[in-house]
Each structure stands twice: as structure tokens, then as C-alpha cells.
Amino acid sequence: MKQHTVAELCDIFYETHRIPAGIFSADNVLIRLFSDFGENRLQMYLNDSAVILDHAEDQAVLMYDAGASCWCCIPEEGIRILLGPVQTGRNPSFRYEGIREYAPERFRDISLCLIRLLQGRDAVLKDETGSFVERRQAEHMFDAGEETISLNSYDEIFECVRTGDPGELESLLETGSYKDYLDQVIKDWDEAYTVYHFQLAKTYHAALGAGVPITELAQLVELYLRDLKQDSSLAAVKSGMRRMLYDFTRYVNQYSDSRYSPMVNMALMYIKEHIYETIEVKDIAAVCSAGVSTLQHRFRQETGLSLTESIRKRKAEKACYYLRYTAIPCGDIAYRMGYCSQSYFIRQFKLAMGITPAEYRSREGRLI
């Protein structure tokens with residue numbers, strides 16, 4: 001197909017769906033971009049697109065980058081078309097503003113429509129989202145070089161993460177040799193920066209091995225990488241390393257709870273997987289193949305909380321992370337957590353935590 005026809009189709013798709021589209025040469029040089037990116041985001045787009053294009057195949061493929069943005073790469077007669085990025089859910093690690101949000105299935109349908117207009121009705125789209133994100137994350141996480149880091153000596157720390165044992169972790173962090181290593185051995189910011197990346201890699205894989213979903217871990221990894229860019233002091237980086245271990249251990253602890261029946265575990269998993277959305281009890285009941293009253297009775301019997309209380313509590317716990325470790329405004333946190341307004345979020349948070357979000361941030365906000 002002629003290049004100008006490809007450009008016309010990309011233009012139509014951008015105007016219709018507001019999904020950025022780029023046309024690249026065979027050697028990854030941008031020929032034309034359909035988007036409203038400013039100068040700052042354009043460079044970010046070029047950096048991210050290079051990663052996607054380097055992993056592209058000879059057929060159309062759908063995949064995520066390390067920041068959980070979804071893309072579609074389409075090879076076409078000496079050029080490549082890159083559709084995306086899009087956000088496929090309320091994701092705190094999504095770095096592009098002003099781009100419409102799509103469910104993964106919807107983005108896949110839109111991509112396939114463009115592919116078949118270009119290549120015919122029998123064209124197929126290969127979905128690499130699962131394998132690509134894990135491969136890309138592993139590459140990104142181990143850039144520091146495992147053989148150069150003394151942190152390999154502290155396997156008992158990462159075993160606490162893998163087993164989700166916050167009590168033993170706290171003991172090791174307060175009295176073990178890791179404390180001396182962190183406090184006395186790491187002398188400058190550059191060394192701390194390298195060790196931080198390596199510890200994040202080890203902690204990530206310990207939690208992944210314990211069964212925590214990669215989507216959950218990718219969000220946490222992205223937040224810690226973002227924090228590192230903002231931490232300008234040696235003390236701040238070391239503080240971040242301690243918090244990191246506690247947070248990943250807590251995630252493993254949450255996902256390894258086997259006290260409940262399959263029905264209640266399924267309900268809890270649904271809440272975790274949809275924590276950034278508005279959650280309805282009737283939707284949970286449908287997923288659990290149970291009546292609303294039956295599920296509510298069983299859930300309260302086993303957990304001591306109603307479903308509504310549990311949803312409120314878990315959303316508040318997730319919001320606590322942003323209040324404590326980031327400077328994201330309260331209104332933005334309310335939106336990310338699926339609340340319709342800031343005032344409603346504040347009421348729900350106070351019901352769960354006993355204090356307002358502002359009071360929590362003032363009391364628990366990180367010291368750097």
C-alpha cells in the first residue's frame with residue numbers, strides 16, 4: 001500500500017479514536033506522527049517507541065512497555081506503523097496525559113481494524129502483551145549487573161519478601177547486618193543509586209516468585225523508579241530502599257492469605273484487581289457465581305467485614321501509599337481510586353482510617 005494511503009488511514013484513526021499513531025522507517029526513524037504531543041512528551045514518545053520497535057516482529061503485534069502502556073506495531077512495505085500508547089486502565093504508572101483510556105479488548109479491536117484495512121480481512125494480530133512485559137521488565141530490572149552488587153549476601157532479606165513475613169523483615173532491618181551495610185558501607189549517592197536498582201530487581205523477583213500478579217508489581221516498580229528520580233539525597237535513597245522491602249513484603253502477604261473459602265478469596269481478588277475502579281457488590285457476586293445475600297453473609301462471616309467495608313478499607317490502604325510516598329494531589333488520588341468526587345473520597349477514607357487524607361499525609365508523609 002502506498003505511504004500516503006497509510007498516512008491517511010493513520011490520520012483517520014487518530015481523529016476518530018484519539019490514539020497516537022506514528023509511521024517509522026525500517027531503521028526506526030520517525031517519518032510522521034499523528035498526535036498532539038508537546039516537545040517534552042515527544043521525546044518521551046520517541047524513547048518509548050524505540051523500545052517497542054526493537055522488540056517488534058515480522059507480523060503485527062500487540063504489547064506493553066515497562067511502564068504498562070499498550071502499543072500495536074504493524075509492519076507494512078518498508079515502514080512500520082506504531083499505534084499507541086494507550087492506557088488500558090487507571091494506572092498510576094501511565095506517563096502520558098490527555099490520551100483516552102481503552103479496555104485492552106477495545107484497543108485490540110481498534111488495532112485489528114487498522115491492520116485489516118492495511119493488509120486485508122485475513123490479517124491477524126499477535127498478542128505479545130503477557131510475555132513482552134515480563135521480558136522487558138526483567139531486562140530493565142537487571143541493568144545494574146548482578147555480579148557487581150554486595151547485596152547478594154543478604155538473601156534472608158529477600159526470603160522475607162518471598163514468604164511475606166513483615167515481622168521477620170523488621171527484625172532483620174533493625175538489628176541485622178543489612179542495617180550496617182545500608183548505614184555504613186554505602187557512602188555516596190552513585191553507589192546507593194546502583195544498589196537501589198539491584199535491590200528493586202531482587203525484591204521484584206522475590207514477590208513475583210511468590211505469586212503476586214505482574215501487573216501489580218509493575219505499578220509498584222514504576223512508583224519506586226519515579227521516586228528515585230526525585231530523591232536527591234543519599235539519606236532519601238536509603239530510606240526508599242527500606243520502604244521498598246516493607247511494601248513488597250506487604251503485597252506478598254496480601255496475596256498469600258489462605259484463611260478464606262474459594263468464594264471469599266475470589267471476592268477479595270476481584271477487589272484487588274479492580275481497586276482503581278468503581279466496585280459494585282452485584283458485580284462481585286456475579287463473578288463469584290453467588291447471590292448477593294449469600295456472598296455478603298459468607299464474606300462477613302469469614303472476614304468480619306461487610307463487602308462494602310472491605311472495599312472501602314482496601315481502597316483507603318491503596319490511597320495511603322500515594323499520600324505517604326508521593327506528592328500527588330488528593331483530588332487526583334480520588335480519581336485514581338475510582339471515586340466520583342474528592343469530597344466522597346475524603347468521607348470514605350475517614351470512615352476506613354479514622355482521619356482525613358490530609359491528616360494522614362501530614363502525620364505519615366515520608367521524610368526525605
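The values are calculated or read from the model by the stated rules, or taken from the named source; none is laboratory data. Everything numeric in this text was worked out from a predicted model, so none of it was measured. Cβ placement follows ideal geometry from the backbone for every residue including glycine, while neighbour counts extend to all protein chains displayed.
Within the stretch 92-126, the set of residues being under 30 Å from residue 319 (Cα atoms) and surrounded by fewer than 15 Cβ atoms within 10 Å (Cβ to Cβ) comprises 97, 98, 100, 101, 103, 105, 106. Out of the stretch 226-235, which residues are surrounded by fewer than 17 Cβ atoms within 10 Å (Cβ to Cβ) and assigned to a loop (DSSP other than H, G, I, E, B)? Answer for the stretch 226-235, where residues must be surrounded by fewer than 17 Cβ atoms within 10 Å (Cβ to Cβ) and assigned to a loop (DSSP other than H, G, I, E, B): 232, 233. From the list 255, 276, 246, 204, the lone residue that is of a type in the set (Ser, Thr, Tyr) and either touching an Asp or Glu at 6+ places or on another chain (Cβ under 6 Å) or buried (at least 18 other Cβ atoms within 10 Å of the Cβ) (or both) is 204.
Name the residue that is modelled with the highest pLDDT, counting only residues in the stretch 236-276 that are closer than 23 Å to residue 209 by Cβ and part of a loop (DSSP other than H, G, I, E, B). Once the filter is applied, the top-ranked residue is 275. Close contacts from the stretch 167-193, counting a first residue that is closer than 16 Å to residue 245 by Cα and a second that is part of a loop (DSSP other than H, G, I, E, B) and among the β-branched types (Val, Ile, Thr), with Cβ to Cβ under 6 Å and a gap of 6+ residues or different chains, come to 192/186.
Okay, residues lined up against (1) among the acidic types (Asp, Glu); (2) surrounded by 15 or more Cβ atoms within 10 Å (Cβ to Cβ); (3) assigned to a helix (DSSP H, G or I); (4) touching a residue at least 60 places away in the same chain (Cβ under 8 Å):
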site	(1), (2), (3), (4)
297	no, no, yes, no
300	no, yes, yes, no
305	no, no, no, no
310	no, yes, yes, no
315	no, yes, yes, no
320	no, yes, yes, no
